[in-house]
Amino acid sequence: DAMAWGLSNYINSFQFGNVREDDLLLSLEEAGYELGTWPNGGKDSFVEVMKKWTNQKGYPLVTVTEELKDLNQMLFLEQTWYHQDEGDQLWDIPVTITEVRTSGTYWNKTSPDYWLSDKTLTIDFEAHEDTEAILLNTRAVGYYRVNYSYQGWYNLGLVLSANHEVVDPYNRAQIICDVISLVETGLMEQGLREHVLQFLSRETDLTPLMALEVCSDSLRKTNIANFPK
């Protein structure tokens, strides 16, 4: 794929010399051009997109709200600097949207459907009739947390409790870690957490179970570190 091709080209080109950050990013950009995966969604400079991630601390939270406007269904996305009350930094966030449907869900499209580069983005979105829930960040390829409306989380909880295996294991892992973190930061109530994560008693896949262990352990260590001495 483009990542492997770009890294191979980067190593071969600079194995005996000094390098800068731009050398790696340009090698990856060249691979994207060669394999047709870049440019994407109106983004021309891979270097500029990536530097918003490498030169800024922290990571974003993407909040998703479903709205009905003039009888048209809309998705309203907003990015904020997670864990920070103030700050105006923005990222170029690759957004993928998956509809979890009773007729079957396709999980292998991970190229961005949209880019959230400004503070907010409004999307005209017409869900299929058999869509049970909407999920962002397909297969958890993007480095950001996601928070849905109460109804959005409730719908995901219903899907997971009925048959959690209809949701990709990487997204189940993402949901677990997002929920644990959102409860800790006060953005989700405990009752909704229990509703969404009730599937865990039946979970057997290693990826979600590892996510539960790692994210719970990270939370425990954070609480210990913040405990008054």
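The values are calculated or read from the model by the stated rules, or taken from the named source; none is laboratory data. None of these values were measured; they are calculated from a predicted model. With ideal geometry, Cβ positions are generated from the backbone for all residues, glycine too; neighbour counts draw on all protein chains shown. Heavy atoms of the whole protein, side chains included, go into the accessibility calculation; ligands, DNA and RNA do not. Shrake-Rupley method; radii C 1.70, N 1.55, O 1.52, S 1.80 Å.
Below are the figures for this structure:
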| quantity | calculated |
| --- | --- |
| Restricting the stretch 123-143 to residues that are touching a residue at least 12 places away in the same chain (Cβ under 8 Å) and charged (D, E, K, R), the residue that is nearest to Pro94 (Cα to Cα) | Arg139 |
| Matching residues in the stretch 123-135 - criterion: being closer than 30 Å to Gly87 by Cβ and open to solvent by 80 Å² or more (accessible area, probe 1.4 Å) | Asp124 |
| Neighbours by Cβ (under 7 Å, 6+ apart or cross-chain): first from the stretch 190-216, over 14 Å from Gly157 (Cα atoms) and assigned to a helix (DSSP H, G or I); second open to solvent by 50 Å² or more (accessible area, probe 1.4 Å) and modelled with pLDDT of 95 or more | Thr207/Tyr170 |
| Subset of the stretch 133-144 (residues that are under 16 Å from Ile97 (Cβ atoms) and not polar (S, T, N, Q)) | Ala133, Ile134, Leu135, Leu136, Arg139, Ala140, Val141, Gly142, Tyr144 |
| All positions within the stretch 178-209 that are under 22 Å from Lys109 (Cα atoms) and either crowded, with 16+ Cβ neighbours inside 10 Å or at pLDDT below 95 (or both) | Asp178, Thr207, Pro208 |
| Odd one out for Glu126, checked against (1) in a helix (DSSP H, G or I); (2) farther than 30 Å from Glu48 by Cβ | (1) |
| Enumeration of residues in the stretch 136-156 that are among the hydrophobic types (A, V, I, L, M, F, W, C), in contact with a helix residue (DSSP H, G or I) (Cβ under 6 Å, 6 or more places away or on another chain) and open to solvent by 10 Å² or more (accessible area, probe 1.4 Å) | Ala140 |
| Of all residues in the stretch 73-109 being of a type outside the set (Asp, Glu), without any contact (Cβ under 8 Å) to a residue 40 or more places away in the chain and more than 20 Å from Leu61 (Cβ to Cβ), the one that is least open to solvent (accessible area, probe 1.4 Å) | Gly104 |
| Which listed residue, of Asn226, Asn171, Asn137, is among the polar types (S, T, N, Q) and modelled with pLDDT under 95 | Asn226 |
| Which listed residue is closer than 16 Å to Ser103 by Cα and at pLDDT 95 or above, from His164, His128 | His164 |
